[in-house]
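The values are calculated or read from the model by the stated rules, or taken from the named source; none is laboratory data. Owing to the predicted nature of the structure, the values given are computational and were not obtained by experimental measurement. Every residue, glycine as well, gets a Cβ built from its backbone with ideal geometry; the counts of neighbours run over all protein chains shown.
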Amino acid sequence: MSELRSNRITDIAGTASPYIPGAVLQVVQNTSNSAHSNTATSFTSTGFSVTITPQSSSSKILLNVNATVSASATNIQPIVTIYRDSTNIGDSTRGFGQTFNGAGSSHMPFSTTFLDSPNTTNAITYTIYMRTNSGTYIWGADSGTQTFIAMEIGG
């Protein structure tokens, strides 16, 4: 008969060690009801960000973003990416995703999840950037609630 053993490691105070692979070490969330609109065809900051300071350089940061994006007219293509400080961590052209408006002004949900490996214990600011192929895009259309969550996962 095999014996089940816990793989949980605790420190002297009895709290989970920050070095347990897969453990959620901290969660930081930012919410906003403010909209940001622009006509930029290169990635531009929306001003919506979250800052987290990893406890270990081997930690991963799980990012989750939810918002409403609007396009002003037919054939507008809002494109969303995330910057880690000054570095675009999405695709350099397509970011993390895009919506496409083929029929007049419209509001579309946008959601993305990404696991980042920043390899640092310094504070990191993740910021939503957007661009469009033409026309106007709006991040946080109708001032709906946008959420940006960063979770540190032990590495």
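Look at the stretch 63-80: where a residue is more than 17 Å from THR44 (Cα to Cα) and a partner is assigned to a loop (DSSP other than H, G, I, E, B) and aliphatic (A, V, I, L, M), sitting 6+ places away or on another chain with Cβ atoms under 8 Å, you get THR74/ALA103.
The residues in the stretch 126-155 that are in a strand (DSSP E or B) and farther than 14 Å from VAL28 by Cβ can be counted, and the count is 9.
Quick check: is even one residue across the stretch 109-123 over 21 Å from VAL28 (Cβ atoms) and modelled with pLDDT under 95? Yes: one or more hits.
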